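*Asks:* Can you keep this structure in mind? I'll have questions shortly.
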Amino acid sequence: MTQNISIETLADIVAQRGGTARTITAIAGPPAAGKSTLAEKLAASLNAQKPGSAAVLGMDGFHFDDMLLVPRGLRPVKGAPQTFDVAGFHHLLQRLRANQEAEIAVPVFDRSIEIARAGAAMVPQGVTRLVVEGNYLLLDRAPWSHLKPLFDTTVLLTVSESVLRDRLLARWSGLPEAEALAKIEQNDLPNGLLVLRESAPGEFAMRGEE
């Protein structure tokens, strides 16, 4: 596992893999570690080398809807591993990897309402470097561990617990303090620590900016 690889070096490695076939790069890490930012920067670097060749897919599009979570008593822990459609995510990744269709619709998580929107974006066939980001992409427990063989390149992004806590506080700064602290202490922080402690090693490791 390589420590502190730069985005530029990572982009060069990803660009060289797979020839003209579609490859998938996984960027895993705890919530608020900077996965989305890193994924977008990597895709931008790849597109600078070859315009239109890269796109980003967020795992959060596979959140179970509140209509399912509420009756199951899972709404308070939305974002925990058991609140995602892992099987559906796995099947879509297989379909994306095969790249046999002109374009494939993918869901997108709308953070403003905390709901996934089905078919909110398209991945065209010309995208040969798909960058997937999400908390549990490398989680070393079933069913999440079934995803790893679908990835050509894996990156684990880490941050310290103190930085993680500060970033989560910033994420929920619009909420009343007690509500924000409850979200962090009872759900987001435990999920983040789970990712840090139980993720399989990535091929590459990066440290989130602190």
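What follows is calculated from the coordinates using simple rules that are stated; it is not laboratory data. As the structure is a prediction and not an experimental result, all values here were calculated from the model. Neighbour counts are summed over all protein chains in view; Cβ atoms, including those assigned to glycine, are modelled from backbone coordinates with ideal geometry.
*Asks:* Collect residues whose amide H, placed 1.01 Å from N in the peptide plane, falls under 5 Å from the amide H of VAL132; neighbours closer than 5 in sequence don't count.
*Replies:* THR25, ALA26, ILE27, LEU57
*Asks:* In sequence order, what are the phi-derived ³J(HN,Hα) couplings for region 104-113 according to the Karplus relation 6.51 cos²θ - 1.76 cosθ + 1.60 with θ = phi - 60°, rounded to whole Hz, with x for glycine and proline?
*Replies:* Ordered by residue, 3J(HN,Hα) equals 10, 6, 10, x, 10, 7, 8, 5, 5, 10 Hz.
*Asks:* Whole Å is fine, so just give me how far the alpha carbon centre of region 82-135 lies from that of region 149-206.
*Replies:* Distance between centres, Cα-based: 21 Å.
*Asks:* Which ³J(HN,Hα) values in Hz, rounded to whole numbers, follow from the phi angles of region 88-100 under the Karplus curve 6.51 cos²θ - 1.76 cosθ + 1.60, where θ = phi - 60° and Gly and Pro get x?
*Replies:* x, 4, 4, 5, 5, 4, 4, 5, 5, 5, 5, 6, 9
*Asks:* Please list, by residue number, every one of the GluC sites (Glu not before Pro) in region 87-169 that is coil in DSSP and has at most 14 other beta-carbon atoms within 10 Å.
*Replies:* Passing sites in region 87-169 are GLU101, GLU114.
*Asks:* Looking at the chain as a GNM with Cα springs under 10 Å, which of ILE27, ILE184, ILE13 has the largest mean-square fluctuation?
*Replies:* Top of the fluctuation ranking is ILE13.
*Asks:* Principal axis lengths of the chain from Cα atoms, whole Å, largest first?
*Replies:* 51, 36, 31
*Asks:* In whole Hz, with x marking every Gly and Pro, tabulate ³J(HN,Hα) for region 69-79 from phi via Karplus 6.51 cos²θ - 1.76 cosθ + 1.60, θ = phi - 60°.
*Replies:* Karplus-based 3J(HN,Hα) across region 69-79 equals 5, 4, x, 8, x, 9, 4, x, 10, 4, x Hz.
*Asks:* Could you list the trypsin sites (Lys or Arg not before Pro) in region 38-142 that lie in coil according to DSSP, counting only those with at most 11 other Cβ atoms within 10 Å of their Cβ?
*Replies:* Passing sites in region 38-142 are ARG72, ARG111.
*Asks:* Moving on. Work out, step by step, the length gained on full extension between ALA98 and GLU177: first 0.36 nm times the residue separation, then minus their alpha carbon distance; give nm to one decimal.
*Replies:* 23.8 nm
*Asks:* Per DSSP helix of 4 or more residues, -39500 (n - 2.57); summed, then divided by the residues of the chain. What does that give at 222 nm, rounded to the nearest 500?
*Replies:* That calculation yields -10000 deg cm²/dmol at 222 nm.
*Asks:* Right, here's the next one. Under the rule of at least 5 residues apart or a separate chain, name every residue whose amide H is placed under 5 Å from the amide H of ALA116.
*Replies:* Residues meeting the criterion, in which the H sits 1.01 Å from N, are ASP110.
*Asks:* Still on this structure, please answer the following. Give the long-range amide H neighbours of LEU139: residues separated by 5 or more places, or on another chain, with amide H under 5 Å away, using H modelled in the peptide plane at 1.01 Å from N.
*Replies:* Residues meeting the criterion, in which the H sits 1.01 Å from N, are ALA200.
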